[in-house]
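Structure first, commentary second.
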Amino acid sequence: MNILTFDLEEWFHILKNPSTDNESSWGNFEYRLRKNLDRILELLDDSENIATFFCLGWVARKYPSIVEEISSLGHEIGSHSNAHQLIYRYDRKFFKKDLEVSIKSLEDITGKKVIAYRAPGFSLVADTMWVFEELIMQGIEFDCSIFLGNHSHGGRIKAFGLRPSIINVDGKKIKEFPVNSFKFFHKEVAFSGGGYFRFLPYQIIKRLMFSSGYIMTYFHPRDFDKGQPIIRDLSYYRLFKSYYGLSSSFPKAVKFLNDFDFVSLSHADKLVDWQRSQQFNLVDGQLKQINSI
Ligand SMILES: [Zn+2]
C-alpha cells in the first residue's frame, strides 16, 4: 500500500529559521505555489493518481482557488496547521486555536469535512502526545505526523513501527499513518519524501519500494522547484538539505508516480486490516500499547 501525500505550503515555509519561521515575514517573499502546483496536478492526472494534500490555513486564505481546484479534482484535503509552527514551540491553547482556524479555512472553501492532519515538521513528539486528544475533539480521524526516522524537528517515535496503528483516547479513536523508513547502519532513514527522496538515487528508492509493504510519501511543491530563491540565513547543512537534487527531482517523481500505484489516505483507510493493527491507549499523555501485534 503506497499512500501519496503533499504538504501544501510555499517554498519559504521553512521552520526554525529567523527569516522564514514567522508569518510576519512571509509577505516579503515571491509566491510560487500556483506554478509549482500546476505541474504536480498535471502529473497526478497523467499518472492517474489521487493524493491527500495537507494544506496550511494560511495557504487556503491566500490561494482559495488552489484549494478549491485540488478538491474539485477529487484529491483529499487535510490540515497542515494554520500558521506552520512547531507544536512544541507553543502551548496546547495555541495548538487548539491554530487547528480550529486551519480546519475552518479549509472547510469554508471545499464544503467538505477535514478529517486528516499532519504536524508542521513532524513535530508531534513524546512530550506532546496530548495532540491526539485535541485532534479527536476537532473531528480528525487520521494523523500522519509520526516520523520513525531522524528528523530535524521531530521523529524517532519508535512505538509505532512500520504500519498504521490505532490510538484510543477516552473511548474514541484516531488512526495513525506514520512515515515509513528503512534501517541503515542501525538508524531509521526515510526515503519516500522531502530531502531524502531528492538525495537518494532512483534505483535505490525503487528497490526499497519493492521491499516495503507500506509506504507513506510526503512531498512539498518546493521539492520540485529548481528555480526557487535560496534562503541565505540557513546553516550549510540546511542549505544542502533544502536545495540538493532540485534539478532532477521532478523527472524522478514522474518515474516514481508512473512506476507505482498510489492511493489517498481515505482510500488507504479502507485497505488496512484494522482488526490486526497495533493499538495504543493514551493515558496521562503517554502511549501504552495494548496488544502484541
Ligand atoms: Zn510543512
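The values are calculated or read from the model by the stated rules, or taken from the named source; none is laboratory data. All of these numbers come straight from a predicted model, not from anything done at the bench. Note: ideal-geometry Cβ built from the backbone for every residue, glycine included; neighbour counts use all protein chains shown. What goes into the accessible areas is simple: the full protein's heavy atoms, side chains included, and nothing from ligands, DNA or RNA. Shrake-Rupley method; radii C 1.70, N 1.55, O 1.52, S 1.80 Å.
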Give me the distance in nm between label points sitting 7 Å out from Cα along the Cα-to-Cβ direction at Ser72 and Asp259, one decimal. 3.5
Interchain or long-range residues, amide H under 5 Å from Ser123's placed H: Ile87
Applying the Karplus parametrisation 6.51 cos²θ - 1.76 cosθ + 1.60 with θ = phi - 60° to the phi angles of segment 54-63, what ³J(HN,Hα) value in whole Hz is obtained for each residue in order, glycine and proline being reported as x? 8, 9, 6, x, 4, 5, 4, 6, 6, 10
Listed residues His267, His153 arranged by accessible area, highest first, probe 1.4 Å: His267, His153
Suppose all protein chains stay in the model; what accessible area per residue would a 1.4 Å probe give for segment 65-139, in Å²? 40
Kindly write out, for segment 81-98 in residue order, the coupling ³J(HN,Hα) from the Karplus curve 6.51 cos²θ - 1.76 cosθ + 1.60 (θ = phi - 60°), rounded to whole Hz, with x marking Gly and Pro. 6, 8, 10, 6, 10, 4, 4, 7, 7, 10, 9, 5, 4, 4, 4, 4, 5, 4
Considering only Asn17, Asn180, Asn49, give the residue with the highest GNM mean-square fluctuation for the chain, with springs between Cα atoms whenever their separation is below 10 Å. Asn17
Nearest-0.05 FRET efficiency for Arg34 and Tyr214 at R0 = 35 Å, using Cβ-Cβ distance, is 0.60
Using only Cα atoms, what is the ratio of the radius of gyration of the chain to 2.2 N^0.38 Å? 0.94
Could you tell me which of Ile290, Ser277, Phe262 has its Cα farthest along the dipole of segment 182-293 towards the positive end, charges placed at Cβ (Lys, Arg +1; Asp, Glu -1), taken about the Cα centre? Phe262
Counting only residues 5 or more apart in sequence or on a different chain, those whose built amide H sits under 5 Å from that of Phe280 are Ile166, Ile167, Asn168, Ile290
Assign unit charges at the C-beta atoms only (+1 for Lys and Arg, -1 for Asp and Glu), then state the dipole size of the chain relative to its Cα centre in Debye, rounded to the nearest 20. 860
Please give the direction-averaged projected area of the C-alpha convex hull for segment 109-246, in square nanometres with one decimal. 10.7
Ignoring ligands, DNA and RNA, please state the percent of accessible area on the chain from carbon and sulfur, probe 1.4 Å. 53
